[in-house]
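What follows is a single structure, written as structure tokens, with notes after it.
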Amino acid sequence: MRAFTTLKKLSLAVATAAAFGAAAHGQDVINIGYTGPLSGGAAQYGKNVLSGIEMGVDEVNAAGGVTIKGKTYTFKVIALDDQYNPAQAAINGRRLVEQDKTPVIFCPHAGGIFALQTFNTQANFLLMAYSSVPSITQAGNKLTIRIPPSFASYVPAYAHTEMKLFGKSVALAPSDTDYGKAWSKIFREGWEKAGGKVVADNPISYNKSADFYSGVSRVLAAKPDVMFVGGPSEPTALVVKQARDLGFKGGFAVMDQAKFDEMAKVLGGYPPMDGSIGVLPLVSDARPAMKAYVAAYAKGHGGTVPTSEMAFNYTMVHALAAAMKMAGSATDATAIRADMSAALKALPASQNPQDFTGIDSNGGTESDAFLALIQDGKLRQAKISELAK
């Protein structure tokens, strides 16, 4: 009996120590939240973003974590699926803050970002917005970082290049998401300002359909010189294929969510996209730091070639780690946000392959971005400033 009592006390002591150790371990972990599409039509896009975040987290942890005021923390990603649905993104955001105590949440779609912006300052979390919609940082939200460049910066280059190659009439056939609508509005304004004419406007449900015949044939009936398209890469490629199958010979102005290298896998190469302008695939980027990043990602992911979503979000994880050190806090979102620009500038090129130069006063990243033009079945890398001339 005495032996049983002693064993029981010993077991209780071990259990108590284990629980205390788990609690202490929990205090040493900074949870990084993510809400995005992990199933449904945009699942691959959401997984790409998450993969970039995870690579950054793995590197931060492998390097010893984040030391703040003498205490060392590791990062842990808590990822929730919202299927590209803004309402679900908001639900996920509240769960991440209330249950997982995340000081930072990444979200890769405009609808979800706007939903999270309705309460992120009150809930005191930093919103890492992976969307190029300009209004994300124009509304004055003090706890938002817009990760990619504003797509408005692409439009002059898009319009000038496509008009020079094909003509001044364009048909709009973007995704019918909030992101697509915002892109389409800015593109229309820029195209018309450059002297062009919009001859058709027909948003398409890229995330809900695999048959784009009716939508594409409707805009081609207006006989455009150029089509403005874009959404997740795979359905965007199918829209391009449908247009070519219907006899369209013009060019494509492609929204930045769609990636040429991923589209090429669906289309069997770049030739079907001749005359297209869009964002530069990382694998085609000639900058040394980007080549090194592409090789490192491929080595750790079975030879998979990374996309720009991965590189952008990878860099932002390293910037967050640096900003937390500078701010002296893992939880003060305002202090972390205040040091993000300095943190970005301090990163080595290996952690900043996209060459971010800082963050503007509204929370948007700054960089001298590159675009890609497909001609004769090949990609040409050029800066926005060069293509806009």
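Using a cut-off of 14 Å between beta-carbons, work out the net charge of the residues near N61 (Lys and Arg +1, Asp and Glu -1, N61 not included).
Around N61, the surrounding residues sum to -3.
Mind checking the angle between helix 86-98 and the chain's longest principal axis? C-alpha axes, 0 to 90 degrees, to the nearest 10.
20
For the full complex of protein chains and a 1.4 angstrom probe, list M326, M290 by accessible area with the highest value first.
Descending accessible area places them as M326, M290.
Is the range 178-286 rounded, prolate or oblate when judged by the Cα gyration tensor, a ≥ b ≥ c being the square roots of its eigenvalues, rounded requiring a/c under 1.5 and prolate requiring a/b larger than b/c?
In terms of gyration-tensor shape, rounded.
What does the charge add up to near G46, with Lys and Arg as +1, Asp and Glu as -1, over the other residues with Cβ less than 10 Å from its Cβ?
-2
Report, by chain and number, residues whose modeled amide H sits under 5 Å from the one on L80, excluding near sequence neighbours (fewer than 5 apart, same chain).
Y34, T35, G36
Report ³J(HN,Hα) in whole Hz for each residue of the range 362-369, in order, from the Karplus equation J = 6.51 cos²θ - 1.76 cosθ + 1.60 where θ = phi - 60°; Gly and Pro get x.
8, x, x, 5, 10, 6, 9, 6
For the range 286-389, what does the alpha-carbon gyration tensor say about shape, rounded, prolate or oblate, given a ≥ b ≥ c as the root eigenvalues, a/c under 1.5 as rounded, and a/b over b/c as prolate?
Oblate, since a/c reaches 1.5 and b/c is not below a/b.
In sequence order, what are the phi-derived ³J(HN,Hα) couplings for the range 263-277 according to the Karplus relation 6.51 cos²θ - 1.76 cosθ + 1.60 with θ = phi - 60°, rounded to whole Hz, with x for glycine and proline?
With coefficients 6.51, -1.76 and 1.60, one gets 5, 4, 5, 6, 8, x, x, 8, x, x, 9, 3, x, 8, 10 Hz.
Could you tally the net charge around A222, taking each other residue with its Cβ under 12 Å from the Cβ of A222, Lys/Arg +1 and Asp/Glu -1?
Result for the neighbourhood of A222: +1.
Report the Cα centroid-to-centroid distance between the range 109-182 and the range 294-320 in angstrom, as an integer.
22
Using just the helices of the chain, give the 222 nm mean residue ellipticity in deg cm²/dmol: DSSP H runs with n ≥ 4 each add -39,500 (n - 2.57), and the total is spread over all residues, rounded to 500.
Computed ellipticity for the chain at 222 nm equals -14000 deg cm²/dmol.
Tell me which residues come under 5 Å, amide H to amide H, from K383 once H is placed; ignore anything under 5 positions away on its chain.
Sorted by chain and number, the residues that satisfy this are L371.
State whether the chain is rounded, prolate or oblate according to the following rule on the C-alpha gyration tensor (a ≥ b ≥ c being the square roots of its eigenvalues): a/c under 1.5 gives rounded; otherwise a/b larger than b/c gives prolate, and the remaining case gives oblate.
The shape class here is prolate.
How large is ³J(HN,Hα), in whole Hz, for each residue of the range 325-331 in order, when computed from phi with the Karplus curve 6.51 cos²θ - 1.76 cosθ + 1.60 and θ = phi - 60°, using x for Gly and Pro?
Using θ = phi - 60°, the values come out as 4, 4, 6, x, 7, 9, 10 Hz.
Kindly report the accessible area of the chain per residue (heavy atoms of protein chains, probe 1.4 Å, no ligands, DNA or RNA), in Å².
Here the residues of the chain average 42 Å² of exposed surface.
If you roll a 1.4 angstrom probe over the protein chains with everything in place, what fraction of the accessible area of the chain belongs to carbon and sulfur, to the nearest %?
Roughly 54 percent, rounded to a whole number.
The values are calculated or read from the model by the stated rules, or taken from the named source; none is laboratory data. Because the structure is a prediction, the values reported are computed rather than measured. We place every Cβ from the backbone using ideal geometry, glycine too, and count neighbours over all the protein chains shown. These area figures cover heavy atoms from the full protein model, side chains too; ligands, DNA and RNA do not enter into them. Shrake-Rupley method; radii C 1.70, N 1.55, O 1.52, S 1.80 Å.
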